[in-house]
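All remarks here apply to the structure that follows.
What follows is calculated from the coordinates using simple rules that are stated; it is not laboratory data. Note that this is a predicted model, so its numbers are computed, not measured. Positions of Cβ are generated from backbone atoms using ideal geometry, with glycine treated the same way; all protein chains shown enter the neighbour counts.
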Amino acid sequence: MPDLRENHSLLFHAGSLEPNTMKIFIWRHSKFLSSWSMFDEPHIYRDNYLQAEIAVMAESAEEALGLVEKEGHWNVHELRRIEPRVLELDSPAIISSFVHFG
């Protein structure tokens, strides 16, 4: 049987031959160009903000949102209205959490 750890197209949990199913979920929202006419616009962070972004590593969007909810600063019901950018862990990437109060 071939050693599957030599297959660089898969990521593995440490000490396991099970594929890594983790993903990175990124939610981003900007109010930079919003106006009073946009009453139904999401408000993803609890305080006022101009731009907000959060990046979470989890196996599913639901797991990611559960972690965000535990942090206590984000409006999870509003994040559900935005489709996150999803990154598979098969290539390098820079991840950040960013909030700009303007």
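Here are a few things to note about the model shown:
- Efficiency of FRET between Asp90 and Phe39 - r from beta-carbon atoms, R0 30 angstrom, step 0.05: 0.15
- Using a simple spin-label model with pseudo-atoms 7 Å out from Cα toward Cβ, Ser30 and Arg46 lie 2.7 nm apart.
- Packing order of peptides 63-72, 19-28, highest average first: 19-28, 63-72 (average count of other Cβ atoms within 10 Å over each peptide's residues).
- Packing-based exposure ordering (other Cβ within 10 Å, fewest first) of Asp40, Asp90: Asp40, Asp90
- Residue order, fewest to most beta carbons within 10 Å, for His100, His43: His100, His43
- Spin-label pair Phe101/Glu71, simplified geometry with 7 Å Cα→Cβ offset, distance in nm: 1.6 nm
- Relative contact order of region 18-100: 44 percent, from C-alpha pairs under 8 Å at least 6 residues apart in sequence.
- Lys, Arg +1 and Asp, Glu -1 on Cβ, resulting dipole of region 18-100 about Cα centre, debye, nearest 20: 320 debye
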